[in-house]
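For reference, the structure is listed below as structure tokens.
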Amino acid sequence: MIFYYEISLSIFVCFVAKKRFVYKFSFVIHSMRLLLTSSGLTNDSIANALFDLVGKKPEDTTVVFIPTASNVESGDKDWLITDLMNLKKQNFKSIEITDISAVDENIWVPSLKRADVLFFEGGNTYHLMRWLNKSGLARLLPELLKDKVYVGVSAGSMVTNPDLALKLSQVIYDEDMVETEELSGLHFVDFYFLPHLNSAWFKKMRRENIERVGREISRPIYALDDDSALKIVDETIEVISEGE
């Protein structure tokens, strides 16, 4: 399921499972190919959307997995292992793991340059965005993505927003409670991507809460469940879903 909220029109639309919707909006800032997901390649529809974006067979496609957002998440990380296993199932030519917070630029830049897919794992959105800025990758990404596909998982998708929507995160996810200042995102899109709609792990991530907080947000909001994604090519946004 995908819940789309457009404040200026005061309309609420639910996109239902196993249907595709294609829209052309002026919500995409940069000309690039993006696949924004809640939980990675959770089903064949999302995986096929990635293959379509790349334009290569899986066995000819190279992926770099960037786990930086997950570093500060404590406890069981079976979700990270699941995301990696879902990647492995696709039979890519190679999956390289590169943490931009752990290695020097002279290591991670070549790693990203030789990949077809830049796969940004989930975790803490603020931690990832700070390292995107600190490492200099935020500055390099628009050029890198001229011939690569950006895949985001949860926080990896949220950093493409105009900003990190601190109030939304604090109300809906009970996260980033120690943060006091809004942080700018990559601003690859001009809407807010919110992952994990109706998830058992995020009990406040429900339509009624999005509606309530969304009244204070001036941009459109896309809220996606864990079996849905947004496939974006330039200004065309396609909803991919096998959700509820």
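The values are calculated or read from the model by the stated rules, or taken from the named source; none is laboratory data. Remember, it's a predicted structure, so these values are computed and weren't measured experimentally. Note that each Cβ is placed from the backbone with ideal geometry, even for glycine, and that neighbours are counted across all protein chains shown.
Overview of results
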{"read-out": "Scan of the stretch 170-183 for residues that are within 19 Å of Gly123 (Cβ to Cβ) and not in a loop (DSSP other than H, G, I, E, B), ordered by number", "value": "Gln170, Ile172, Tyr173"}
{"read-out": "Among (1) surrounded by 17 or more Cβ atoms within 10 Å (Cβ to Cβ); (2) within 20 Å of Arg33 (Cβ to Cβ) - the single one Pro58 does not satisfy", "value": "(1)"}
{"read-out": "Residues located in the stretch 42-89, provided they are hydrophobic (A, V, I, L, M, F, W, C), under 16 Å from Asp147 (Cα atoms) and part of a helix (DSSP H, G or I)", "value": "Leu50, Phe51, Leu53, Val54"}
{"read-out": "Candidate set from the stretch 104-125 (those that are of a type in the set (Val, Ile, Thr) and either farther than 16 Å from Val149 by Cα or modelled with pLDDT under 95 (or both)); member that is surrounded by the most Cβ atoms within 10 Å (Cβ to Cβ)", "value": "Thr125"}
{"read-out": "Residue match in the stretch 134-143 (condition: surrounded by fewer than 17 Cβ atoms within 10 Å (Cβ to Cβ), among the basic types (Lys, Arg), farther than 12 Å from Val63 by Cβ and modelled with pLDDT of 95 or more)", "value": "yes"}
{"read-out": "Exclusive hit being closer than 26 Å to Asp225 by Cα and in contact with a strand residue (DSSP E or B) (Cβ under 8 Å, 6 or more places away or on another chain), set Leu144, Leu197", "value": "Leu197"}
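For every residue, the table says whether it meets (1) out of contact with any strand residue (DSSP E or B) (no Cβ under 6 Å at 6 or more places or on another chain); (2) among the aromatic types (Phe, Trp, Tyr); (3) outside any strand (DSSP E or B); (4) within 21 Å of Ala69 (Cα to Cα).
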site	(1), (2), (3), (4)
Lys167	yes, no, yes, yes
His187	yes, no, yes, yes
Trp201	yes, yes, yes, yes
Glu211	yes, no, yes, no
Lys231	no, no, no, no
